[in-house]
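Below is one structure, written out as structure tokens, with a few remarks after it.
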Amino acid sequence: MKILNFGSLNVDFTYRVDHIVGPGETISSKKLEVFPGGKGLNQSIALARAGAKVWHGGIIGRDGEFLKEICRDSGVHEEYIKEADTRTGNAVIQVSETGQNCILLFSGANRELTESYIDGVLEHFEAGDLLLLQNEVNKLDYLIRRGAEKGMFIALNPSPYDEQVETCGLQQVDLFFVNEIEAAQMTGEDSEEAMLAKMRALYPRAGIVLTLGDKGAYYSDDSETCFQKAAKAAAVDTTAAGDTFTGYFLASYIREKSGKEALRRGTLAAALAVERPGAAVSIPRKEEVDRKMAEAKWPEA
């Protein structure tokens with residue numbers, strides 16, 4: 001099975017400051033760090049580092065060429081990434097001494113997908129291949145429809161959740177990755193059990209992964225429902241935790257066909273990622289996760 005991830009590619013500008021700047025205020029930052037990021041890029045790198053064969057589709061500007069290098073270095077096939085005249089998507093992030101942050105996003109080239117470009121990339125994939133999507137690019141509805149027409153297995157992380165997601169053919173999705181905020185938005189429910197039950201009722205043919213941050217995660221489909229508590233971690237930066245979980249879960253799921261095993265591997269990989277700064281650069285490699293899996297004493301639900 002080949003995996004195609006059509007998703008965002010960002011440059012993250014992270015400024016370390018005493019406090020979050022207020023209206024009309026000018027302050028000096030203590031440090032500027034530039035990281036590769038974007039949910040799409042992070043998830044592709046997590047998949048590749050977990051041992052999966054993944055191709056990335058998306059658009060960068062000329063200032064984003066180094067993101068292709070990061071893909072190559074991580075084992076992500078980057079030949080379908082397109083370059084445009086528009087600036088690469090980016091995030092301007094302030095992080096205060098107390099750990100608070102605020103983020104300003106610029107979609108840039110991420111919102112320049114065209115149907116002809118999408119069709120050209122999809123020509124290289126076939127029925128049974130996996131199409132992974134998030135909501136940081138445009139044409140999400142078209143991607144879902146064309147992937148379904150080709151018979152691809154569609155996995156969707158509808159983040160950030162907005163009205164665009166509601167216009168897409170979600171009944172064609174085979175596997176959802178949602179956190180508790182997105183699940184509440186999609187279902188109108190406010191408890192974990194009710195969210196999961198409503199998601200199952202709304203999308204009975206799909207598998208549901210519901211992540212709950214440091215509490216753990218659920219997996220549910222028409223044959224099983226299981227829960228995994230989160231692994232303990234000394235968190236430094238949680239930016240790519242969810243994306244790391246998604247990549248490692250999927251890589252395990254397509255190999256083992258076990259929701260429980262995939263939850264464990266994804267949970268442990270995410271715990272390793274939060275102990276490091278940055279987004280894509282924090283994602284652990286398969287050897288690290290394998291070692292921790294062998295050592296882990298897993299708490300049961």
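Descriptive notes on the structure:
- A cut-off of 5 Å between modelled amide H atoms, ignoring neighbours fewer than 5 places along the same chain, links Gly216 with Ala230.
- Projecting the Cα atoms of Gly213, Val165, Ser96 onto the charge dipole of the chain, computed from C-beta unit charges around the Cα centre, puts Gly213 farthest toward the positive end.
- Calculated [222 nm] ellipticity per residue, helices only, for the chain: -10000 deg cm²/dmol; basis is -39500 (n - 2.57) per DSSP H run with n ≥ 4, divided by all residues, nearest 500.
- Candidate aspartates and glutamates - alpha carbon under 19 Å from Lys30, same-chain residues fewer than 8 apart omitted: Asp12, Asp18, Glu97, Asp237
- With every protein chain in place, segment 8-139: carbon and sulfur % of accessible area (1.4 Å): 48
- Peptides ranked, highest mean first, by Cβ atoms within 10 Å: ranges 4-17, 59-72, 41-54: 41-54, 4-17, 59-72
- About the Cα centre, charge dipole magnitude for segment 213-301 (Lys/Arg +1, Asp/Glu -1 at Cβ), debye: 220
- Placing +1 on the Cβ of every Lys and Arg and -1 on the Cβ of every Asp and Glu, with nothing else charged, gives the chain a dipole about its Cα centre of roughly 780 debye.
- Residues whose amide H lies under 5 Å from that of Ala235, counting only those 5 or more places away or on a different chain, are absent; hydrogens are built 1.01 Å from N in the peptide plane.
- Sites matching GluC sites (Glu not before Pro) across segment 149-238 that sit in DSSP coil, with at most 12 neighbouring C-beta atoms within 10 Å: Glu224
- Under-5 Å amide H pairs with Gly57, H placed in peptide plane, nonlocal only: Asn5, Phe6, Gly7
- Surface per residue (accessible, 1.4 Å probe) for segment 44-132, Å²: 46
- Residue ranges 82-95, 206-219 sort as 206-219, 82-95 when ordered by packing (mean number of other C-beta atoms within 10 Å per residue, highest first).
- Contour minus Cα-Cα distance for Asn138 and Glu123 (0.36 nm per residue): 3.5 nm
- Listed candidates (1) 19.5; (2) 18.9; (3) 20.6 - label of the one calculated as Kirkwood radius over Cα pairs in Å: (1)
- About its Cα centre, the dipole of segment 134-293 is roughly 680 debye, where the only charges are +1 on Lys and Arg Cβ and -1 on Asp and Glu Cβ.
- 3J(HN,Hα) couplings calculated from phi for segment 17-24 with the Karplus curve 6.51 cos²θ - 1.76 cosθ + 1.60 (θ = phi - 60°) are, in sequence order, 9, 5, 8, 5, 5, x, x, x Hz; Gly and Pro show x.
- Looking at segment 158-301, the accessible area is 46 square angstrom per residue; that uses a 1.4 Å probe and ignores ligands, DNA and RNA.
- Pairs from Lys53/Lys297; Lys53/Lys286; Lys229/Lys297; Lys229/Lys292; Lys39/Lys198; Lys68/Lys139 whose Cα-Cα separation, in the structure shown, is over 20 Å: Lys53/Lys297; Lys39/Lys198; Lys68/Lys139
- Qualifying GluC sites (Glu not before Pro) in segment 89-123, DSSP loop, other Cβ atoms within 10 Å at most 14: Glu97, Glu123
- Expressed in Å, the radius of gyration and Dmax of the Cα atoms of segment 1-140 are 16.7, 55.
- The Stokes-Einstein estimate for segment 71-181, based on a Kirkwood radius over Cα pairs and taken at 25 °C with 0.890 mPa s viscosity, is a diffusion coefficient of 155 µm²/s.
- Net +/- balance of residues flanking Arg16 in space, Cβ distance below 14 Å, scoring K and R +1, D and E -1: -3
- ³J(HN,Hα) computed for each position of segment 105-110 - Karplus, 6.51 cos²θ - 1.76 cosθ + 1.60, integer Hz, glycine/proline x: 9, 10, 5, x, 5, 4
The values are calculated or read from the model by the stated rules, or taken from the named source; none is laboratory data. These numbers were taken from a predicted model, which means no experiment stands behind them. Neighbour counts run over all protein chains shown; Cβ positions are idealised from the backbone, glycine included. Please note that ligands, DNA and RNA were not included when accessible areas were found on the heavy atoms of the full protein model with its side chains. Shrake-Rupley method; radii C 1.70, N 1.55, O 1.52, S 1.80 Å.
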